[in-house]
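Down below is the structure, laid out as structure tokens.
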Amino acid sequence: MPGLKRGLRLRVALAFAVFCIVVVGTLGVSLYIASDDIEEAHIEQIIETEMDYLLQRYRESADFVPQEGSNLEKYIIHDPAEESRLPSHLQGLNYRRHKVFRGPEEVRVAVHHVDGVKFLVAYEVGLHDQRQQELRLLIVLSLISVVGVALLVGYLLAGVLVKQVTDLAEQVRHLAPGDVQGPTLTQPGQDEEVAQLARALDDYQNRITRMLRREQEFTANISHELRTPITTVLTSCELLFTEPDLSERARARIRMIEAAATRMGEQLQALLFLAREQALGIKEPVALAECVYDAAEPVCGDIYRKHLTFEVAVEPNAVLTLNRQALHTALVNLLRNAVQYTNSGFIRVNFSGNRLSISDSGIGIEPSYLPLLYERFFRGSTQGEGLGIGLAIVKRICDHYGWRIEVESTPGCGATFHIVFP
């Protein structure tokens, strides 16, 4: 699977990840805000406790001298001289809480006066700030970890959730249109939603089957009804040719009737192929030169009438294993198109490197017509006759058998169609 497709599985994984991110993110922000309040309360509690301890010891012993800690300093100040010996950042502080800085370090200070004596507690809060930074980093790392784990777990969980859907899709992929002989898509143990989808697909498959059966019956009936008069016309033409006293003019007209009936039969077969997409026969070794000459026979009269040069540059030993009838039908339509739109010059067929090319010196194809060239009933010119389905038939045949059709054309200088065999 190239890249990540925005399928149901990925959407479930993303939804799960987003949910986890929102929950963990909300929890992390709440913890951060709560930890800030807790640290502030903790600092206040430490300062308050140390101040109460300092006052209690002073009441017990007036000559008590407090000890200094690494981040906690306590002072008892009796006169301005002792005040002046304090660190500069602690001098001049009175009757309230203070926030001062000693270099980059933040210091919280509490000051209390009792009977003219000044009590001062200074507490560095660097450890608290460090803990907050560590907590912030932990929250960010936790959020990143949760995102990764949520995506992985969500993707695996989504795979379990959509497995029935993917299994159903695999069954549908192997179904042929109208195939109702195999087991139904609805299976025991399916989730209700999947079972509902399977039942809808089974019903749709049954409707397609009924539609195809009606279409096949119709095409079979219409094929029989149309082939019968064509066969009658061709048989009558053969019987008329046996009459010894027919004039050349009558024989020419019979040949025209026979050619028209033959062409009608070919068009009927091509139309049935377009409608039903059924194979035109089996694969067999085909001599390309012989097949080209057979396909050119119906248009030989038009080639002779227009005085066109017909060239076949195909080696007699050129043989490919393919469907002869399909190639014959494609060549008939390409050659008829070439003759129809060429008034003078040549019709040329050559084969080289699995590429069979039909070239002409006719009117060519306008560049704006190229995207519409293989559309049914499209005709790029009013010249000639036809329904505009010849190239559509050729394209459908090539697609059906895995051949590739290409075209090169310059308006006014002819066109070349290539059939490239795999």
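The values are calculated or read from the model by the stated rules, or taken from the named source; none is laboratory data. Fair warning: this is a prediction, and the values are worked out from it, not measured in the lab. Neighbour counts run over all protein chains shown; Cβ positions are idealised from the backbone, glycine included.
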Does at least one position in segment 6-19 carry a residue that is assigned to a loop (DSSP other than H, G, I, E, B) and over 29 Å from L135 (Cβ atoms)? yes
Suppose the filter is in the same structural domain as G402 (by TED's automatic domain parsing) and at pLDDT 85 or above; does N323 pass it? no
Selection count, segment 60-96, where residues are more than 14 Å from E50 (Cβ to Cβ), part of a loop (DSSP other than H, G, I, E, B) and of a type in the set (D, E): 2
Give M264, M211, M256 a once-over and let me know the one that is hydrophobic (A, V, I, L, M, F, W, C) and modelled with pLDDT of 80 or more. M256
For segment 371-415: of the residues being among the hydroxyl-bearing types (S, T, Y) and at pLDDT 80 or above, which is surrounded by the most Cβ atoms within 10 Å (Cβ to Cβ)? S409
Would you confirm, using the coordinates I've provided, whether A318 is assigned by TED's automatic domain parsing to the domain that holds V286, at pLDDT 85 or above, more than 20 Å from G301 (Cβ to Cβ) and buried (at least 20 other Cβ atoms within 10 Å of the Cβ)? no
For segment 150-177, what are the residues that are closer than 24 Å to I21 by Cα and either part of a loop (DSSP other than H, G, I, E, B) or touching a residue at least 24 places away in the same chain (Cβ under 8 Å) (or both)? A150, L151, V153, G154, Y155, L157, A158, G159, L161, V162
Test: residue in segment 68-81 that is more than 60 Å from the chain's Cα centre (by Cα), under 24 Å from E40 (Cα atoms) and exposed (fewer than 10 other Cβ atoms within 10 Å of the Cβ): yes
Evaluate the following for V29: is it assigned to a helix (DSSP H, G or I), surrounded by 15 or more Cβ atoms within 10 Å (Cβ to Cβ) and of a type outside the set (G, A, S)? no
Okay, helices (runs of 4 or more DSSP H) sitting entirely in segment 281-353 with 1 or more residues that are in contact with a Phe, Trp or Tyr (Cβ under 6 Å, 6 or more places away or on another chain), β-branched (V, I, T) and in contact (Cβ under 8 Å) with a residue 12 or more places away in the chain, I get 300-305
One residue is enough: does segment 97-119 have a residue meeting the conditions in contact with an Asp or Glu (Cβ under 9 Å, 6 or more places away or on another chain), part of a strand (DSSP E or B) and farther than 23 Å from Q130 by Cα? yes
Restricting segment 92-142 to residues that are surrounded by 17 or more Cβ atoms within 10 Å (Cβ to Cβ) and within 60 Å of the chain's Cα centre (by Cα), the one modelled with the highest pLDDT turns out to be V125
